[in-house]
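The structure under discussion appears below in the form of structure tokens.
The values are calculated or read from the model by the stated rules, or taken from the named source; none is laboratory data. Predicted model only: the values in this text are computed from it and were never measured. Here Cβ is always computed from backbone atoms with ideal geometry, including for glycine, and neighbour counts include all displayed protein chains. Surface accessibility is based on the protein's heavy atoms, side chains included, excluding ligands, DNA and RNA. Shrake-Rupley method; radii C 1.70, N 1.55, O 1.52, S 1.80 Å.
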Amino acid sequence: MPILQVETRIRASAQACFDASRNIDLHMASTPGSNEKAIGGVTSGLISLHEEVTWDATHFGVRQQLTSRITEFNPPHHFRDTMVRGIFAHFEHDHYFYEQQDGSTLMVDTFDYASPLGALGRLADWLFLKNYLQRFLAQRGRLLKEHLEALADNSVP
């Protein structure tokens, strides 16, 4: 079971990063390659503890649906979304936010997952899936960073 970790430093408060990371609309905007759409549960705005969202997305040319629930919630420092239905054998995605002395925030995504199909899934992890997911998380972090820092830059007179 791979565990991926991606760190992104953002010139914004931990609260701003926490809220942006659980914003359904921003999530859809930050995943252009997979065209993710929220189609069930919370489909817009901020998702919170015990709430679910069902995503429709295309990965590797295959359209799929995945439902996750917010299972841990400690604003503005951490939340976890856990898959309740979908293609993975399991996944838990922890989002951590560490405010730095300079006012920026270190956002750390930790993605713990198991691919389906046993040995075939482990082979897929080794060949391409682990790298694909690492890039996916990094790209999403970069787009959240750009969004939040653009907001900060535009608020300065």
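Criterion first (within 18 Å of ASP25 (Cα to Cα), free of Cβ contacts under 8 Å to residues at least 24 places away in the same chain and open to solvent by 20 Å² or more (accessible area, probe 1.4 Å)) does ALA150 satisfy it? Write out each step before concluding.
Numbers: within 18 Å of ASP25 (Cα to Cα): yes; free of Cβ contacts under 8 Å to residues at least 24 places away in the same chain: yes; open to solvent by 20 Å² or more (accessible area, probe 1.4 Å): yes.
Here the answer is yes, as ALA150 does meet what is asked.
The condition of being polar (S, T, N, Q), open to solvent by 30 Å² or more (accessible area, probe 1.4 Å) and touching a strand residue (DSSP E or B) at 6+ places or on another chain (Cβ under 7 Å) holds for only one of GLN101, GLN134, GLN139, that being GLN134. SER115 fulfils the conditions (1) of a type outside the set (Lys, Arg); (2) out of contact with any strand residue (DSSP E or B) (no Cβ under 9 Å at 6 or more places or on another chain); (3) open to solvent by 30 Å² or more (accessible area, probe 1.4 Å) except for a single criterion, (3).
Among residues of segment 1-30 that are more than 22 Å from ASP112 (Cβ to Cβ) and touching a residue at least 60 places away in the same chain (Cβ under 8 Å), those with a Cβ under 7 angstrom from a residue that is in a strand (DSSP E or B) and aliphatic (A, V, I, L, M), sequence gap 6+ or separate chain, pair up as ARG9/LEU106; ILE10/MET107. Within segment 8-65, being touching an Asp or Glu at 6+ places or on another chain (Cβ under 6 Å), modelled with pLDDT under 95 and open to solvent by less than 40 Å² (accessible area, probe 1.4 Å) holds for one residue alone: ALA57. Applying the criterion of being under 19 Å from LYS145 (Cβ atoms) and without any contact (Cβ under 8 Å) to a residue 24 or more places away in the chain to the residues of segment 73-111, the residue that is nearest to the chain's Cα centre (by Cα) is ASP94.
Filtering segment 66-83 to residues that are closer than 17 Å to ALA114 by Cβ and either open to solvent by less than 50 Å² (accessible area, probe 1.4 Å) or not in a strand (DSSP E or B) (or both) leaves LEU66, THR67, SER68, ARG80, ASP81, THR82, MET83. Taken together, the residues in segment 84-98 that are surrounded by fewer than 16 Cβ atoms within 10 Å (Cβ to Cβ) and hydroxyl-bearing (Ser, Thr, Tyr) amount to 1.
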